[in-house]
Amino acid sequence: MAAPSSSERKACWDARDLLWKCLDDKDDKAAACQNFQSEFEAKCPAQWVKYFSKRRDYLKYKEKMQNEGFTPAQGPRQPS
């Protein structure tokens with residue numbers, strides 16, 4: 001696969017930004033943003049779609065950890 005041109009990269013990033021804004025506005029309800037998702041998948045290479053999806057999940061997780069902090073899970077109790 002050839003590397004995307006500058007205009008193709010910009011179109012991909014713009015589609016990604018529109019999708020992420022829609023997801024933010026709709027509380028991550030993917031069904032409400034299906035048209036943006038389709039456009040994003042059409043304008044970006046499949047590997048980029050996969051990367052950006054994981055990146056969004058990571059950024060949301062990171063924001064949650066920074067705002068709420070980490071609470072360790074209660075594991076099995078150790079015998080005393």
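The values are calculated or read from the model by the stated rules, or taken from the named source; none is laboratory data. It should be emphasised that the depicted structure is a prediction, and the values quoted were computed from it without experimental measurement. Note: ideal-geometry Cβ built from the backbone for every residue, glycine included; neighbour counts use all protein chains shown. The accessibility values were calculated without ligands, DNA or RNA, using every heavy atom of the protein model including side chains. Shrake-Rupley method; radii C 1.70, N 1.55, O 1.52, S 1.80 Å.
Of note:
- Long-range neighbours under 6 Å by Cβ, at least six apart or interchain, first residue modelled with pLDDT of 95 or more within the range 34-52, second open to solvent by 70 Å² or more (accessible area, probe 1.4 Å): PHE36/LEU18; VAL49/GLU41
- Residue within the range 15-26 that is in contact with a Lys or Arg (Cβ under 8 Å, 6 or more places away or on another chain) and of a type in the set (A, V, I, L, M) present: yes
- Unmet requirement for GLN74, which otherwise passes all of (1) among the polar types (S, T, N, Q); (2) at pLDDT below 95; (3) in a helix (DSSP H, G or I): (3)
For (1) within 12 Å of the chain's Cα centre (by Cα); (2) not β-branched (Val, Ile, Thr), each residue gets a yes or a no:
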| position | (1), (2) |
| --- | --- |
| ARG9 | no, yes |
| ASP17 | yes, yes |
| CYS22 | yes, yes |
| ASP27 | no, yes |
| TRP48 | yes, yes |
| TYR61 | yes, yes |
| GLU68 | no, yes |
| THR71 | no, no |
| GLN74 | no, yes |
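- Listed by first and then second residue, the pairs linking a residue in the range 1-26 that is over 16 Å from LYS50 (Cα atoms) to a residue that is open to solvent by 80 Å² or more (accessible area, probe 1.4 Å) and not small (Gly, Ala, Ser), with Cβ atoms under 6 Å apart and 6 or more places separating them unless they lie on different chains, are ALA11/LYS43.
- The set of residues in the range 71-80 that are open to solvent by 100 Å² or more (accessible area, probe 1.4 Å) and of a type outside the set (S, T, N, Q) comprises PRO76, ARG77, PRO79.
- Reported count of residues in the range 1-55, each being assigned to a loop (DSSP other than H, G, I, E, B) and surrounded by 12 or more Cβ atoms within 10 Å (Cβ to Cβ), is 5.
- Residue check for GLU68: among the charged types (D, E, K, R), free of Cβ contacts under 8 Å to residues at least 12 places away in the same chain and surrounded by 13 or more Cβ atoms within 10 Å (Cβ to Cβ): no
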